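Here the structure comes first, spelled out in structure tokens, and everything after it is commentary.
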Amino acid sequence: MIDVIEELGVWVAAAGFVDVHLGDVELLMRQMKRLPAMAVQLLNADLVAGWWHLFFAALNAVKAMRDGTNRSRELGMEFLLYASAQRQISKAIRLMGVKPETGRVALVVIADSREKAETAIKQASKLIGGKRDDKILELTKDKADNIKQAFGITDGEIEAQTAEGKADLLDALANLVIEHVALLAAET
């Protein structure tokens, strides 16, 4: 998946990986920083609520860095803050960051051109290992309960969206995750 944020002149790309054995995460992240991108971040794919979740987190992170409202010094970490809807880096890492035992990984690249984004995805794929499977980025019923808990989404919030006929359970949950991401941006 790849798309442009035209008004900001950046490309966002995402890929999913299964059967991953990360090993030394700190070393891996140092290697990722050498890739031809503005930012590269790895997330626990089990807490990703779909492409738009990642896209809007990237949009808000880039805007925060450009507007000087960022909480982190690095775009990749700013992205993680927004993706997790957390104000504190340590909480964001605990919630959505990867650990050596994380077997399902979401890779997100933010770059200033499509070519750089595609190149970074290819190079990062080799570093991550495992098998590429972008379907794990989709929101599924299997992920729903963990995502609700991680983002503090209540049954009442879900019911309010589904009762109005706006969305089914998964669409409502995805919308609410994106809303939590947006609320973090509004707090700055």
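For this structure, a couple of remarks:
- On inspection, G156 fails the criterion of being of a type in the set (G, A, S) and at positive phi.
- Any hit, the range 124-137, residues being hydrophobic (A, V, I, L, M, F, W, C) and in a loop (DSSP other than H, G, I, E, B): no
- Of residues in the range 85-102 being under 15 Å from L183 (Cα atoms), in contact (Cβ under 8 Å) with a residue 60 or more places away in the chain and of a type outside the set (D, E, K, R), the one surrounded by the fewest Cβ atoms within 10 Å (Cβ to Cβ): Q86
- Where D171 falls short, out of the listed (1) part of a helix (DSSP H, G or I); (2) touching a residue at least 40 places away in the same chain (Cβ under 8 Å): (2)
- Failed criterion for A106 (all others in (1) surrounded by 13 or more Cβ atoms within 10 Å (Cβ to Cβ); (2) in a helix (DSSP H, G or I) hold): (2)
- Taking (1) under 19 Å from I147 (Cα atoms); (2) among the small types (G, A, S); (3) at pLDDT below 95 in turn, G68 satisfies each apart from (1).
- Every residue from the range 139-159 that is surrounded by 10 or more Cβ atoms within 10 Å (Cβ to Cβ), over 15 Å from V181 (Cα atoms) and among the basic types (K, R): K143
- Residue list for the range 94-126, filter: more than 19 Å from V48 (Cβ to Cβ) and out of contact with any Asp or Glu (no Cβ under 9 Å at 6 or more places or on another chain): D112, S113, R114, E115, K116, E118, T119, K122, Q123, K126
- Residue match in the range 142-154 (condition: part of a helix (DSSP H, G or I), at pLDDT below 90 and not aliphatic (A, V, I, L, M)): no
- Subset of the range 32-70 that is within 15 Å of V98 (Cα to Cα) and surrounded by fewer than 23 Cβ atoms within 10 Å (Cβ to Cβ) - its residue that is farthest from the chain's Cα centre (by Cα): M32
- Taken as a whole, the range 40-60 holds no residue that is at pLDDT 90 or above and more than 21 Å from L95 (Cα to Cα).
- Answer residue from the range 1-24, given it is among the β-branched types (V, I, T) and within 17 Å of the chain's Cα centre (by Cα) and is farthest from D67 (Cα to Cα) among those: V18
- Some residue of the range 156-176 being small (G, A, S), over 20 Å from M65 (Cα atoms) and at pLDDT 95 or above: no
The values are calculated or read from the model by the stated rules, or taken from the named source; none is laboratory data. No experiment lies behind these values; they were computed from the predicted model shown. Glycine gets a Cβ as well: all are built from the backbone with ideal geometry, and neighbour counts include every protein chain shown.
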